Amino acid sequence: MAALDLARLITAAADTIAAHAEELTTLDQAIGDGDHGLNMKRGFEAVRADTVAFSTKSLPEALKAIGTKLVMTVGGASGPLFGTLFLALGKEISAEPDRANLTAAFGKAIEAVAARGKSQVGQKTMLDVLQPVHEALAEGKTAAEIADMADRAADATVPMKALRGRASFLGDRSIGHMDAGGRSVALLVRTIGETLEGQP
Ligand code: ADP
Ligand code: MG
């Protein structure tokens, strides 16, 4: 893996969330309460505000601190879940991870999200994007391939019926719309991959 520039990663992630906040809100308006874009933007702007503090920590400590910040600031159902993802990743990852360690740590982080959300793949949540990303990591795919996989996985939530979160209250009416949290994951995965590879 390329040398980690955490400050660049944080900036890129916060920029992407800010640029797509309206889109995320529109997705959540269709089958939720329309706050997902605002929630994510609030959380990632709070992370951005502490960039210096995070980027001077080791990778595991930085990820744990970012997770804690996201839990405190994102709110909604997704805040504790995205927070758990980063917290658990920080607990499992090494200071200078290779692909095998990253893959294992990401797998554990997904398990932590599923436990926290009492959810599993196939229920039209962020897990439906996280899981294929984990598989692509395990298969040794490139960052661009993983990002494309994440986009396809987010698209694949459209025909699903929501069984967790607010969208599940709609039953069959949740069918035909993309899961907002899944879209957020796909956006973050592409941004992180491109930043790690030093691409524009
Ligand atoms: P809220 O639903 O409280 O308004 P957000 O709108 O910020 O929170 O986030 C909604 C997203 O959170 C959903 O699109 C879905 O991806 C994710 N989500 C909600 N509940 C769960 C759950 N139990 N397990 C996994 N993901 C969930
Ligand atoms: Mg919402």
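Summary of values
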{"item": "Hits in the stretch 33-47 (condition: farther than 19 Å from E23 by Cβ and either of a type in the set (D, E) or over 15 Å from the mean Cα position of the chain (by Cα) (or both))", "result": "A46"}
{"item": "Members of the stretch 108-122 found to be on the phi < 0 side of the Ramachandran plot and away from ligand 2 (no atom under 16 Å from the Cβ), listed by number", "result": "K108, A109, I110, E111, A112, V113, A114, A115, R116, Q120, V121"}
{"item": "Subset of the stretch 60-82 (residues that are surrounded by fewer than 20 Cβ atoms within 10 Å (Cβ to Cβ), under 14 Å from M40 (Cβ atoms) and hydroxyl-bearing (S, T, Y))", "result": "T73"}
{"item": "Close pairs from the stretch 76-105: first in contact (Cβ under 8 Å) with a residue 12 or more places away in the chain, partner acidic (D, E), Cβ under 8 Å, at least 6 apart", "result": "G76/D35; A88/E111; G90/E61; A104/E92; A105/E92"}
{"item": "Flag for D28 being at negative phi, within 11 Å of ligand 1 (Cβ to nearest atom), outside any helix (DSSP H, G or I) and not basic (K, R)", "result": "no"}
{"item": "Whichever residue in the stretch 37-64 is outside any helix (DSSP H, G or I) and of a type outside the set (V, I, T) and, among such residues, is farthest from A109 (Cα to Cα)", "result": "D50"}
{"item": "Residue among G67, G140 that is more than 12 Å from ligand 1 (Cβ to nearest atom) and either charged (D, E, K, R) or assigned to a helix (DSSP H, G or I) (or both)", "result": "G67"}
{"item": "T16 vs. criteria surrounded by 17 or more Cβ atoms within 10 Å (Cβ to Cβ) and either touching a Gly at 6+ places or on another chain (Cβ under 7 Å) or among the acidic types (D, E) (or both)", "result": "no"}
{"item": "Residue check for G34: within 11 Å of ligand 1 (Cβ to nearest atom), at pLDDT 95 or above, in a loop (DSSP other than H, G, I, E, B) and of a type outside the set (V, I, T)", "result": "yes"}
{"item": "Qualifying positions in the stretch 153-166 - over 14 Å from G181 (Cα atoms) and either surrounded by fewer than 15 Cβ atoms within 10 Å (Cβ to Cβ) or touching a residue at least 60 places away in the same chain (Cβ under 8 Å) (or both)", "result": "P159"}
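A quick yes/no check of all residues on (1) more than 18 Å from the chain's Cα centre (by Cα); (2) assigned to a loop (DSSP other than H, G, I, E, B):
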site: H134; (1), (2): no, no
site: I146; (1), (2): no, no
site: A150; (1), (2): no, no
site: A153; (1), (2): no, no
site: K161; (1), (2): yes, yes
site: S168; (1), (2): yes, no
site: D172; (1), (2): yes, no
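Results for (1) closer than 23 Å to A147 by Cα; (2) of a type outside the set (D, E, K, R), shown as yes or no for each residue.
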site: L6; (1), (2): yes, yes
site: I31; (1), (2): no, yes
site: G43; (1), (2): yes, yes
site: A65; (1), (2): no, yes
site: A77; (1), (2): no, yes
site: G90; (1), (2): yes, yes
site: R116; (1), (2): no, no
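The values are calculated or read from the model by the stated rules, or taken from the named source; none is laboratory data. Everything numeric here is computed off the predicted structure, so don't read it as measured data. When we count neighbours, we look across all protein chains shown, and the Cβ atoms used for this are built from the backbone with ideal geometry, even at glycine.
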